[in-house]
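The values are calculated or read from the model by the stated rules, or taken from the named source; none is laboratory data. Just so it is clear, the structure is predicted and the values come from calculations on it, not from any experiment. Cβ placement follows ideal geometry from the backbone for every residue including glycine, while neighbour counts extend to all protein chains displayed.
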Amino acid sequence: MAPAFELNTTISNLRDLTESDLSPYDAIYLGNITCRLYEGNLLEHLDDLREAIAILKGQGQKAYVSTYTTPRNNDLPQIQKVVAAAVEAGADAVEVHNLGVLKIVHEAHPDLAVHIGGFANVYTDVGAAVLKRYGAVRITPNYELSLEEIGEIQREVGLPMELLVHGKMPLGISDDCWLLEYEQTWGVPCPALCRQELFLKQGDWAMKSIGKGVLSGKDVCLLEHLRRLMTGGHACFRVEAASESPAYRLEIGRVYREALEAALSGSDGLKGQWWDTIRHHARIGLCNGFYFGTSGMAYHGVQSPGADAAEAQRSGVGQ
């Protein structure tokens, strides 16, 4: 019998894997997708990748291996090595963000499950159908889509959609790392530079920089909406934690494991300690991303819009 839902997260290197209690999760995405120079990147250290897969499989968890978001031709040989190592080590799936990489992977390993990552920019059911023809079995839709638009794609294409339910939402990627110009000023060299907690702020607006990647400053939070997601046919959920601490991975993961199990049983209750944990880890605040057709940085509860704002202000979840 297939599990009712999957909760997964992301790990960039072997050190983060061994230092993190990942017990709340069913599956882990391995590798840093933004930068080949990221410290200990599993996509560049294939012996570490094999060890990471073995650890996860030994713990009864699924191992998914990621690939780079914006690969160039000179990245393709390394991606092919990564995928071959993943297959050899028994990975359960590979995640790709590029149609060409999908074609390469599917032709070389036709039996390998392939997930489509959020940077593939899947906006339409027509685009999703093309990816399905090349072997995609799961899709993370573009982060700007609403739940209604995501549901329509899922119904039309018949593939599961993976949803970010908590964590900082990926907003963009660049070929250049703007943090490098601060190495001397800050006294922090690459590759440790992008592991710092760096937020770009302007008034109430904030983003988090991870070097070549830009994330939302606020944490996307769908804790109040899990029953809606499950009744809408969604079962694949991600806590985005590639740039977070081991405590964040464990404590946020525990909240969502408990909350998803409660939602599955039909409970609408939201425990106070869940909110305490979430508020503790939300450095800038919470939002719902674009799931409800708003600007991406707003927070909506399960009540009326006016009540949402009042409750958010009272509890602090939107601040």
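Out of ASP48, ASP21, I need the residue that is in a loop (DSSP other than H, G, I, E, B) and touching a residue at least 12 places away in the same chain (Cβ under 8 Å). Which one?
Testing whether each residue is in a loop (DSSP other than H, G, I, E, B) and touching a residue at least 12 places away in the same chain (Cβ under 8 Å) leaves just ASP21.
Say whether the condition of being among the basic types (Lys, Arg) and surrounded by fewer than 18 Cβ atoms within 10 Å (Cβ to Cβ) is met by at least one residue in region 135-152.
no
When ASP75 is evaluated against the numbered criteria (1) free of Cβ contacts under 8 Å to residues at least 40 places away in the same chain; (2) surrounded by 18 or more Cβ atoms within 10 Å (Cβ to Cβ); (3) not in a loop (DSSP other than H, G, I, E, B), which criterion, by number, is the only one it fails?
(2)
So which helices (runs of 4 or more DSSP H) stay within region 209-319 end to end and still have 3 or more residues that are modelled with pLDDT of 95 or more and more than 25 Å from GLN154 (Cβ to Cβ)?
246-264, 272-281
Name the one entry in VAL101, VAL122, VAL126, VAL94 that is part of a helix (DSSP H, G or I) and touching a residue at least 12 places away in the same chain (Cβ under 8 Å).
VAL101
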